[in-house]
1. Under 6 Å by Cβ, and 6 or more places apart or on different chains, what pairs join a residue from the range B:192-206 that is in a helix (DSSP H, G or I) with one that is modelled with pLDDT of 95 or more?
2. I need the full set of residues from the range A:70-87 which are farther than 11 Å from residue A:102 by Cα and in a loop (DSSP other than H, G, I, E, B), in order please.
3. Determine whether residue A:223 is surrounded by fewer than 21 Cβ atoms within 10 Å (Cβ to Cβ) and under 23 Å from the mean Cα position of the chain (by Cα).
4. Output yes when any residue across the range A:173-185 is part of a helix (DSSP H, G or I), crowded, with 22+ Cβ neighbours inside 10 Å, out of contact with any strand residue (DSSP E or B) (no Cβ under 7 Å at 6 or more places or on another chain) and within 10 Å of chain B (Cβ to nearest Cβ), and no when none is.
5. Take the residues in the range B:225-235 that are buried (at least 23 other Cβ atoms within 10 Å of the Cβ) and in a loop (DSSP other than H, G, I, E, B); name whichever of them is nearest to the chain's Cα centre (by Cα).
6. What are the residues in the range B:112-142 that are outside any helix (DSSP H, G or I) and within 22 Å of residue B:195 (Cα to Cα), if any?
7. Filtering the range A:89-119 down to residues that are over 18 Å from residue A:282 (Cα atoms) and touching a strand residue (DSSP E or B) at 6+ places or on another chain (Cβ under 7 Å), which residue is modelled with the lowest pLDDT?
8. Pick out the one residue from B:283, B:308 that is over 15 Å from residue B:250 (Cβ atoms) and either surrounded by 11 or more Cβ atoms within 10 Å (Cβ to Cβ) or modelled with pLDDT of 80 or more (or both).
């Protein structure tokens, strides 16, 4: 058959042409996916910068307190002393409390609230969004109505109500922030699951008898990760800012120093003593920035499509 | 026929409910597949052709139990596929596998090629655990890839190579039936020939049975033993390759054949070409009569009232048209 000959010919031509391309591919060292991701991450300057910054902040808030033992609630010097004052390198606030001590000892509360609130938001949002997106139908209908209910609540007011109902503490503040901020994660997870669910490799997974659980966790979730990782890191930043906002309004544990609490308690003195709010503000900014940079880097490093060929 | 039947489909219907608001029961359905019968002999290739929306892919997915079946029977070997659920269905999936149209969306981008091919073995208990590594390497060789390429991710392969991975995955569970859902439609012509020849080679080596879905008549003529032409969820003509291509009986088959582009002016300007106008009727409320009546140049009052049944004209060739005579004369154009 002429047709057959032609295709055989095409076949051999293509096979003859391919080796140069294929050897090129094989030069890629074959390494563990996590090592490969780590290497990709290390090549990303912004992400490494973010990681260094975050490590610095963690050392500052977790290790330095053991060496810089000034109590952040102690009155150490004249009120509203500017930075550079003896005994108070970052100055003092309106009561004469050491701002450096507040930064050093208040960071852990801020970070704890930010991380745990973001974790809660991701856990709730991912569960709701993945089930709604994967199963569709009435499951989707019910879960999305619930999501919309949380979406239309004024988040700050709702969080204030939760914190006010219980005693303000690190845990209740984290809970309140988590409960009001999971809807964005849920919507994103749902849309990703909806999109990926209809792709052929999900049909393929089903035809090789994968269970629903396997498909959700091992097939769809890894492919839905990139935008979710970014969303999660944004949620950490958002939660830290939210905590600052609640503290600013006085809704945080008055016995625990935190960066937001510092800004909130000194807000009346912004005009006279900028350092009382600016210095904790800079630390919040740096923390949120570092987490976002890391999130971006993780996204790029774990996405095989972005790796060099 | 003396051949052993591997797959038989009886009166298969797949109706999709139209999305309704809220929780009320759906009122209307898309009649994607509306009562088809066919039999595939072991070791043969059965082609289904038709235009987009004719229900050919839905048929393939129904055989794979990837879409809910409304009614009808699908029998693979001696097993009623349509009745299986849960664990039984999971076990039966070993015997039937599918190759998808688009090699770009059918491979999980996060899984390495070797793991993609190995996964069916792990999930469906093929062979001993210790043998599987060798089985995967052997499959890579069989489909024309090198075993070293197992460690690569799908995006590091070309379209044709990706489709080879798809073929290897389908063969990993050592199935009897392989459903090929337009396996070459998304590929370059030169690569199409490679994949088609690969499928033929594997069929000869492994004794596979193919259900081959395509809209490309050239490909179907090349690879299929028997062919069914689908239109609006129904089979309008079914026959062996030679009889169907040499003497098409249904006006729709005829139209399909005259729609094949040709460089030969004699073929191109043949007077008896049928050029179809318009679109098929909506499968949501299919017309009561023949589905093709609205576009058929020979349609008469009878066609819009009564649906023609598939009847056998000669051995292995049947057609659903009122105006094909019993001795196999297709409807004639009125001057």
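The values are calculated or read from the model by the stated rules, or taken from the named source; none is laboratory data. Bear in mind that the values here come from a model prediction, so they are computed numbers and not experimental data. Cβ sites come from the backbone with ideal geometry, for glycine too, and all protein chains shown count toward neighbours.
1. Cβ pairs passing all conditions: none.
2. Keep residues of the range A:70-87 that are farther than 11 Å from residue A:102 by Cα, which gives A:75-87.
Those that are farther than 11 Å from residue A:102 by Cα and in a loop (DSSP other than H, G, I, E, B): A:76, A:77, A:78, A:79, A:80, A:81, A:82, A:83, A:84, A:86, A:87.
3. Working: surrounded by fewer than 21 Cβ atoms within 10 Å (Cβ to Cβ): yes; under 23 Å from the mean Cα position of the chain (by Cα): yes.
Yes.
4. The answer is no; no qualifying residue exists.
5. Just the residues of the range B:225-235 that are buried (at least 23 other Cβ atoms within 10 Å of the Cβ), to begin with: B:227-235.
Add one more test, that the residue is in a loop (DSSP other than H, G, I, E, B), and what stays is B:232-233.
Values: B:232: 14, B:233: 13 Å.
Step by step, filter the range B:225-235, then rank; the result is B:233.
6. First, the residues of the range B:112-142 that are outside any helix (DSSP H, G or I): B:112, B:125-128.
Listed by number, the list holds a single entry, B:112.
7. Among residues in the range A:89-119 that are over 18 Å from residue A:282 (Cα atoms) and touching a strand residue (DSSP E or B) at 6+ places or on another chain (Cβ under 7 Å), the one modelled with the lowest pLDDT is A:96.
8. On the way: B:308 fails: over 15 Å from residue B:250 (Cβ atoms).
Every option except B:283 fails the conditions.
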